[in-house]
Every structure is written in C-alpha cells, then in structure tokens.
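Readers should treat all values here as calculations from the given coordinates under stated rules, not as data from a laboratory. Because the structure is predicted, anything quoted here is derived from the model rather than measured. Backbone-built Cβ (ideal geometry, glycine too); neighbour counts: all protein chains shown.
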Amino acid sequence: MKLMPYYRSADHAFNLLCGDTFELLPQFNFKFDMIFADPPYFLSNGGISVQSGKVVCVDKGDWDKGMSQEDINTFNYKWLSLCREKLKDNGTIWISGTFHNIFSVANCLTQLGYKILNVVTWAKTNPPPNISCRYFTYSTEFVIWARKSAKVPHYYNYELMKHINSDKQMTDVWRLPAIATWEKSCSKHPTQKPLGLLCRIILASTKPGAWILDPFAGSSTTGIAANLLDRRFLGIEREEEFARISKARREEIEDLKTFNAYRSKIPDVVKAEDNQIDLKMCCESEGVESLPFLSDENESKGR
Ligand SMILES: C[S@@+](CC[C@H](N)C(=O)[O-])C[C@H]1O[C@@H](n2cnc3c(N)ncnc32)[C@H](O)[C@@H]1O
C-alpha cells in the first residue's frame, strides 16, 4: 500500500508526510543519499531567554519536553536505528543538538555502527543574551556528521568547502547567523534552522539530484535548502501546524523571483554559483525522479 503525502510539489522534488516518524519510516523501502535530523533537544523545561529584546519562555512545545536520560537514550537509539536502514551504504547523516541530547546521540551512533566523521560547532554570530547573568551566553549548537558504515567511503565536496572558506580548508567551526527575518515569511517554527546552515551541510555532503530525508522536518528548512540547491527531499513531521508552514514555504519558492532572491541571500550558495564547482558534479540519483512509495492521489494539494 502506498503512503499518502501531506504535500508533494508538482516536480516531485519536495515530499512531505504528516505523521509519526517511528510509524512511517518502517512502512517504506528507499535508500537516501543523506539524512539531516534536528530531533527534539528535550530542553523545554520552563526556562527563560530573550528574543527580539523580549523575555520569552524557552518552552518550544510538548514534543520538546524534558525526559529522563534513559528515555532520551531509548528515543535516540530507536530513530537512529530506523534511519540507518534508510541510508545508502555510502550515505551520511547529520544530527543537530545541544548538550541536552548530543552526547546521547553520539553514543547511539557508535552503538549502531555508524562512523562519526566530524562534530561541527555552529557558532552563532548573533546569539541572544543570557539574562540570568550566571552562565556564559549560550552561543553554539553542535552538528554531528556520521557515515553509515566504517568501511564504505563517504562523499565530501572538499574543493567547494575550501573555496567557500576563502581558499583555506574548511574547519569544523562554522560562524553563521541564526535565522533572519526573510526566513520567517510563512510564519515561523519555534526551532527553525537557518537556510545558510542547511545549505552548507547539503553542499558539503551531496551532489545535485541527491535524495535527502529529514525525519523531524518541522517547517522543512532541509527541504527548502535541498530544492534551492537542486536536491530532492522527503520530510516527516507529526504536527499539522508545522506541515502547513512547510507547504507554504515550498509554494513560496515556486516563484522564480523568490527562488533566486533566496539563493542570493545565502553566501555559500552565491560562492558555489561563482565557482560552478557544485554544478559540475554529476547527479548520483539521476534515475529516481519520484518516490515510488508515495501515492499520486491528492497530488500537490496538501490538506
Ligand atoms: C527541532 S524541530 C525541527 C525544526 C526544523 N529543523 C526546522 O527548521 O523547522 C523537531 C520537529 O520534530 C517534530 N517531531 C517530534 N517528534 C516527532 C515524531 N515522533 N514524528 C514526527 N515528527 C516529530 C516536532 O513536531 C518538531 O516540529
């Protein structure tokens, strides 16, 4: 039986399932070139922070509520295990996190046979202040990059990363801003990632035409970055409210002017275009134009 997408773009390059990732992932057989996951960090415990000059509660939603360390480990082990089955043998996975979840993620990756390649530090150039004045300002997140197997080599676009970094080897510390106002044009997810971060990840580890999976899609930043860079996307998101934002974001870039304007706002994309390095790469998943396990009914309509 085929799965009904919540939304699928007319060119089939953007696909979104609305439902629980633990239930949906076992229901299809398809191997992706790359996975990006921004899972719950489990840090919504009533703390406070500052956003646009205002004191706000850091609670992001029920999906992000704190759990015991044992439950966090079980959760991470389970989804990382399901994702491993959805990766090509030479595929890689990126997982973002903070100290609340990232050590658990790293342990699970190792237990499951993934090989950790890098732990990238995303150093935010514009972090919110720490209003308690009892800690250093929280200004970093981590993104672990791992490959499926210790034995099978992965893809890394070394030359492009070096070009982006002013012809010096790209390091594992990325100084990038948090999301900008133009990225919130279709309303905002409470933990929306910046397109600049996702574009760097995608440019570094995939070729044009690649299939990318995001099992905790939120507002589908991964999918928008993928499509801006001529890659293809399947997202899974449980909350319809966020699936709706994803659909609106994808429809927004149907307009060529907006598509080009967004590309021009992302420095790595501009540099890749200048250099044409990325465009010269051949397409690995050329033959697969659409996901065979998705139903064509309701196409492009969403709900
Ligand atoms: C950290 S957010 C992802 C934000 C996303 N990177 C973005 O840029 O918008 C995690 C998302 O995972 C979703 N989620 C949590 N548990 C889920 C599950 N079991 N199945 C599907 N989605 C889930 C939440 O609703 C939330 O939108």
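Results, tabulated for the structure shown:
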| quantity | calculated |
| --- | --- |
| Nearby aspartates and glutamates by direct alpha-carbon distance to residue 115 (threshold 18 angstrom, same-chain neighbours under 8 apart not counted) | 33, 85, 89, 172 |
| Positive-end residue of 291, 275, 36, charge dipole of the chain with Cβ unit charges | 275 |
| Dipole of the chain [Lys/Arg +1, Asp/Glu -1 at C-beta], most positive-end residue of 204, 118, 228 | 118 |
| Residues 7, 41, 158, sorted so that the one with the fewest Cβ neighbours within 10 Å comes first | 158, 41, 7 |
| Dipole of the chain, positive direction: furthest Cα of 216, 21, 104, with charges on the beta-carbon | 104 |
| Over the chain, relative contact order from alpha-carbon pairs under 8 Å, at least 6 apart, % | 25 percent |
| Net +/- balance of residues flanking residue 185 in space, Cβ distance below 13 Å, scoring K and R +1, D and E -1 | +1 |
| In nm, spacing of pseudo-spin labels at residue 270 and residue 125 (7 Å Cα→C-beta vector) | 1.1 nm |
| The chain: calculated mean residue ellipticity at 222 nm from DSSP helix runs of at least 4, using -39500 (n - 2.57) | -8500 deg cm²/dmol |
| The chain shape via C-alpha gyration tensor axes, a/c threshold 1.5 | rounded |
| Modelled FRET efficiency - R0 22 Å, residue 180 with residue 98, Cβ distances, 0.05 increments | 0.55 |
| Lysines whose Cα lies under 22 Å from that of residue 2, excluding same-chain neighbours fewer than 8 positions away | 31, 86, 88, 247, 301 |
| Which of 263, 147 has the fewest Cβ neighbours within 10 Å, and the rest in rising order | 263, 147 |
| Computed Kirkwood radius, in angstrom, where 1/r is averaged over Cα pairs of segment 62-162 | 15.4 Å |
| Reach of residue 271 by Cα under 26 Å, taken over lysines that are not fewer than 8 positions away in the same chain | 124, 162, 168, 184, 193, 207, 257, 280 |
| Stretchable slack from residue 167 to residue 255, in nm (0.36 nm times residue separation minus alpha-carbon distance) | 28.3 nm |
